[in-house]
Amino acid sequence: MRPFVLFLSASLIATAAWAGADFGARNPAPIAPMSGMILYRDARYGFTIAYPPHWAVNAAFRRDIGPVIHGVSFTVSAEVTQGTNLASDTKLSVEHVDGRCHAGRFLDSPTDEHDVTDGAHGYSMASTQDAGAGNRYEETVYAFAHGGTCFGIRYFIHYGAIQNYDPGTVKAFDHDALTAAFDRMRRSLSFNR
């Protein structure tokens, strides 16, 4: 299945600009053209989600660690990782499974699974962290049910331990700005059926 992509703006925007933009809550009004975001439409599940320009879309995303889970992923662009310790496989993904719906289903060893409310929408939320060979991995999943399907929005953040780099060669990525960008993407998700 090929994604339908609608370009809302041809202008490039800096990381800080899209991280600070207001893209609304779930089921928002249409995203404003000046936001510079691109709208992805999933024909099979009937949802749309906005993502920053130059991020790589994989409509055949498959998570193979633990149980196989399918979905679509949006991987950060080189503009976001350049000169920082952020790894190029950092992404947000929208995944789906059948059956009971809670965030723990999307993670191998979830911690602190609980319910959260963001605006008018409630989620089951869980996270996990891992480290190895100088790498750090953070995953947070926001799960919710829609139309008999359990959806999980996964924030996957991979970065190198900053102390492992020679001083002055890279800077620490802006964790707050990246998380804010992922939050805005999650809040832009809406269903047309």
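The values are calculated or read from the model by the stated rules, or taken from the named source; none is laboratory data. Keep in mind that what you see is a predicted model, and the values were worked out from it rather than measured. Reconstructed Cβ throughout: ideal geometry from the backbone, glycine too, with neighbour counts over all protein chains shown. We work out accessible area using only protein heavy atoms, side chains counted, and drop any ligands, DNA or RNA first. Shrake-Rupley method; radii C 1.70, N 1.55, O 1.52, S 1.80 Å.
Taking region 98-119 as the search range and keeping residues that are of a type in the set (G, A, S) and touching a residue at least 40 places away in the same chain (Cβ under 8 Å), which one is farthest from V76 (Cα to Cα)?
Only one residue tops the list, namely G99.
Among the residues of region 64-92, how many are farther than 16 Å from T179 by Cβ, part of a loop (DSSP other than H, G, I, E, B) and of a type in the set (S, T, Y)?
Summing the residues that are farther than 16 Å from T179 by Cβ, part of a loop (DSSP other than H, G, I, E, B) and of a type in the set (S, T, Y) in region 64-92 gives 2.
Please tell me if E95 is assigned to a strand (DSSP E or B), free of Cβ contacts under 8 Å to residues at least 60 places away in the same chain and within 27 Å of Y165 (Cα to Cα).
no
Can you tell me which of (1) within 26 Å of G160 (Cα to Cα); (2) modelled with pLDDT of 95 or more; (3) of a type outside the set (A, V, I, L, M); (4) in a loop (DSSP other than H, G, I, E, B) is the one F61 doesn't meet?
The number of the failed condition is (4).
For residues that are at pLDDT 95 or above and surrounded by fewer than 18 Cβ atoms within 10 Å (Cβ to Cβ), tally how many sit in region 139-157.
3
Report the residue count in region 64-83 for those that are under 28 Å from N164 (Cβ atoms), crowded, with 18+ Cβ neighbours inside 10 Å and not small (G, A, S).
Result for region 64-83: 5.
Provide a single number: the residues in region 113-135 that are open to solvent by 40 Å² or more (accessible area, probe 1.4 Å), over 17 Å from the mean Cα position of the chain (by Cα) and closer than 30 Å to Y165 by Cβ.
4
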